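Worksheet: the structure to be examined is printed underneath.
The values are calculated or read from the model by the stated rules, or taken from the named source; none is laboratory data. Model, not experiment: these values are computed from the prediction. Virtual Cβ from ideal backbone geometry, glycine too; neighbours counted across all protein chains shown.
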């Protein structure tokens with residue numbers, strides 16, 4: 001069965017929604033851990049979402065994009081779930097500092 005562009009976009013969107021839902025559930029996974037292991041984090045997803053919206057002519061702020069990804073205002077998420085990075089996490093981040101997207 002051939003997948004047309006519309007179906008492909010729908011499948012990609014479904015996978016993205018599932019990823020975002022998974023990250024919302026896994027509040028124990030810190031952004032620095034994601035950055036150190038995968039080279040991206042929730043903030044990267046928000047940035048990519050914002051860039052796509054802006055490229056389509058929609059004005060979307062960084063805060064609005066982060067709320068879409070986090071499911072709540074970013075500062076609220078940070079207060080509830082973000083932990084202080086350990087020296088080991090910071091050292092790993094400095095060693096593998098990802099490229100800006």
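Below are the figures for this structure:
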| item | result |
| --- | --- |
| From 76, 64, residue being out of contact with any helix residue (DSSP H, G or I) (no Cβ under 6 Å at 6 or more places or on another chain) and under 16 Å from residue 20 (Cβ atoms) | 64 |
| Wholly enclosed helices (runs of 4 or more DSSP H) of the chain bearing at least 1 residues more than 11 Å from the chain's Cα centre (by Cα), at positive phi and at pLDDT below 95 | none |
